[in-house]
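Notes follow once the structure below has been shown.
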Amino acid sequence: MTSSKPGTVTSSEPPTVAAGRRAPARKGKGGRGNPYPYLFYVPAGIVYTVVFLVPTVMAFYFSMTRWTLFDSTFVGLENFTDFFAEQNLRIGFQNTLIYAVTTSALKVVLGMALGVVLTSRLKMRGLLRSVVFFPVLVSTVAVGITFSVLLKPDTGLVNKALALVGISGPDWLGDANTALLSVALVDVWKGVGLATVIYIAGMMSIPRDYYQAVAVDGGSSWHRFRYVTLPLSWPATNSVIILSFIGGLRSFDLIWTMTRGGPGFTSDVIASIIYKQYQAGFFGLSTAGNVILFVVVTALVVPLTRFLSAREVSA
Amino acid sequence: MRALRRSGLELVAVVLAVVIFVVPFSFMVLTAVKDEVQSAELDFGWPTSWPVVQNLIEVIEARDYVLLRAFLNSTILTVAAVALLVVFCSMAGFVLQRRAGRMRSVVNFLVLSGLIIPPAIVPTIWVLQTLGLFKTLPGLILVEVAFHMSYSVLLYRAFVSAVPRELDEAAMIDGCTGFKLFFKVIFPLLRPVTITVILTTSVAVFNDFVNPLYFLPGDENATVQLTLYNFQSQYSTQWNLLFMDIVLITIPPLLAFIFFNRKIVSGMTAGAVKG
């Protein structure tokens, strides 16, 4: 049941990615073996099957057990009911969605804005592109530690800067109301560079003629953006949304290094709960978290991909 | 007037970018070179003394040279995982692009699943445990290979489609098929995409925190990201050392970025658009 869901992705994908030529596979000399042997799949296939596929399938069984790695007792859906019955665990479910939606929305908006700025005739364009992109390559742990220092309530640079203009900033990471969003903003800071370069690549491939046509009609720069750049960079928007949405749903390292899910459980996401339950030795519950994450990701991403690619065709 | 407005806008954009993106990095470097007392203020002040070398030595000597071992482990992990990824994924991407059939749709489906599905952590530990690979570097290498496979296969498949089939046919007339065809004729032609795969996956593997945390816990074979994470609790008063560690760990990706900026960016955007 679950494996049929990702299948819809494949069926919507082939037009873009798998448009290989249909030439029949030819026999090698003397008809012995195919020149493109399936043997080539074997090394990758073994690693993928053993380390990824088997655990993914087994997760469905182990999520219904009380489990110590060495022996497991079947308990049915108990882990799942526990997961949703406990307030601390349910909040992770909500937070995951909030986090994924916030980060991907901001990455789309800011990435597009930066893309427009950085494809215009700025003199320092090259430098700016590098500056915006570099955080993508920096380790998440390093970014997390640095920003938890910058966001400290009294001594942190952010609040000191805010104090200069007369705003007293909150305890960003220590306040239950701001912790998750603060981490989300740092996530955007780190990831917006990737969204920006995707937009730049998309905008550079828009034919100049369209802009000339707008200029001939006397359109302003707003018109250029609204009627040319925005609709024609839809494929870029599409990939930015999908990428950052998947990333947002799965994200763990930044949240873990900045708040460890705290204060209390207020910034926990599914991935951090999986880790906490694993640490506590509740392997079955941890795996149930994994199955829930799997279901959330496929149930949201697969329809989203279909919806977005349908729009792409009509746009 | 327009030119003036334009340069005004330009200035605003540059200043904003500098404040938002450069200040955090300057803060890292500044804190790393301060002495212990001043670094504890955690402000943006200019260092009063510059114990750069001393900080460096202290970080490296900390906890019995754990950082050096971590760098060694991270290097082995990255090199081995990337080497395996290049060989395995180029082969798979080649056949996947060239050979039509039912197998192709199955493999395509698996590749896309690998992009979307979050790995099941504890069951993976269970499998590695059964194989005797849990808490070992080879185990973590296999994990990194498996988790970065889909992306690499997609890049290779896309690039192979730009290699003309006539080439295969010419090679086949000379009697090259299978392994000979691929490694003698095709693989050398895939050099550009191989470089892209090497760069993007090595940055990803080197920076990976989650998988070492789960699959390679313990101090004796920690990776650099894990030592940084552990230093965070250990050095809660010695900020200069913590940030020196951050700076050291940021150097490898910085070098990759300085020398191969274009390659990395094109690889990541291609991966995004194709995936």
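The values are calculated or read from the model by the stated rules, or taken from the named source; none is laboratory data. Please read these numbers as outputs of a predicted model, since none were measured by experiment. We place every Cβ from the backbone using ideal geometry, glycine too, and count neighbours over all the protein chains shown. The area values use the complete protein model at the heavy-atom level, side chains included, leaving out ligands, DNA and RNA. Shrake-Rupley method; radii C 1.70, N 1.55, O 1.52, S 1.80 Å.
General remarks:
- Chain A: DSSP helices with Cα axial extent of at least 30 Å and average Kyte-Doolittle hydropathy no lower than 0.0: A:87-119, A:179-204, A:283-314
- Estimated 222 nm signal from helices in chain B, with DSSP H stretches of n ≥ 4 weighted -39500 (n - 2.57), rounded to 500: -24500 deg cm²/dmol
- For B:Phe159, A:Phe52, A:Phe74, the ranking by accessible surface with the largest value first comes to A:Phe74, B:Phe159, A:Phe52, using a 1.4 Å probe.
- Sulfur and carbon atoms: percent of accessible area, the range B:65-274 [1.4 Å]: 69
- Helical mean residue ellipticity (222 nm; -39500 (n - 2.57) per DSSP H run of 4+; nearest 500) of chain A: -20000 deg cm²/dmol
- Other residues within the sphere of radius under 11 Å centred on the Cβ of A:Thr196, judged by their own Cβ, net out at +2 (K and R +1, D and E -1).
- The distance separating the Cα centre of the range A:229-291 from that of the range B:139-174 comes to 30 Å.
- Neighbour cut-off at most 12 other Cβ (10 Å), DSSP loop, trypsin sites (Lys or Arg not before Pro), the range A:62-169: A:Arg121, A:Lys123
- Ranking B:Phe27, A:Pro207, A:Phe307 by Cα position along the charge dipole of the protein assembly as shown, where only Lys, Arg, Asp and Glu carry charges on their C-beta atoms, puts A:Pro207 farthest toward the positive end.
- 32 Å Cα-Cα threshold exceeded, pairs from A:Lys152/A:Lys276; B:Lys34/B:Lys263; B:Lys184/B:Lys263: B:Lys34/B:Lys263
- Between chain B and chain A, the total buried accessible area stands at approximately 9100 Å², from heavy atoms with a 1.4 Å probe.
- Modelled label reach - A:Val42, point 7 Å along Cα→Cβ, the range B:162-190 residues with backbone N closer than 17 Å: B:177-183
- Radius 13 Å from Cβ of A:Ser272, net charge of other residues (Lys, Arg +1; Asp, Glu -1): +1
- Whole-Å distance, taken between Cα centres, linking the range B:1-70 and the range B:247-267: 18
- Theoretical gain in end-to-end length, A:Ala310 to A:Arg208 [0.36 nm per residue, Cα-Cα removed]: 34.1 nm
- Residue order for A:Tyr211, A:Tyr61, A:Tyr36 - accessible surface, 1.4 angstrom probe, largest first: A:Tyr61, A:Tyr211, A:Tyr36
- Folded to 0 to 90 degrees: helix B:23-32 orientation relative to chain B principal axis, Cα: 60
- Net charge over other residues, Cβ less than 11 angstrom from the Cβ of A:Thr65 (K, R count +1; D, E count -1): -1
- Distance between the modelled labels on B:Ile57 and B:Met103, one decimal in nanometres: 6.1 nm (7 Å Cα→Cβ projection).
- Remark: the range A:98-314 carries 41 Å² of accessible area per residue (probe radius 1.4 Å; ligands, DNA and RNA excluded).
- Cα gyration tensor category, rounded, prolate or oblate, for the range A:98-314 with a/c compared to 1.5: oblate
- Rounded Å value of the spacing that divides the Cα centres of the range B:72-125 and the range A:130-193: 35
- 1.4 Å probe accessible area per residue over the range B:65-274, in Å²: 36
- If R0 is taken as 45 Å, the Cβ-Cβ distance between A:Arg226 and A:Thr49 corresponds to a FRET efficiency of 0.40.
- Modelled FRET efficiency - R0 41 Å, A:Phe80 with A:Leu127, Cβ distances, 0.05 increments: 0.20
- Within the accessible area of chain A (1.4 Å probe), percent carbon and sulfur: 65
- Estimated translational D of chain B in µm²/s (Stokes, Kirkwood radius over Cα pairs; 4 °C; 1.567 mPa s): 59
- For the range B:1-57, the square roots a ≥ b ≥ c of the C-alpha gyration tensor eigenvalues yield an a/c of 1.5 or more together with a/b exceeding b/c, which makes the shape prolate.
- Ranked order, A:Asp171, A:Asp217 - accessible area, probe 1.4 Å, largest first: A:Asp217, A:Asp171
- Computed label-point distance, nm, for sites A:Phe70 and B:Ile251 using a 7 Å Cα→Cβ extension: 4.5
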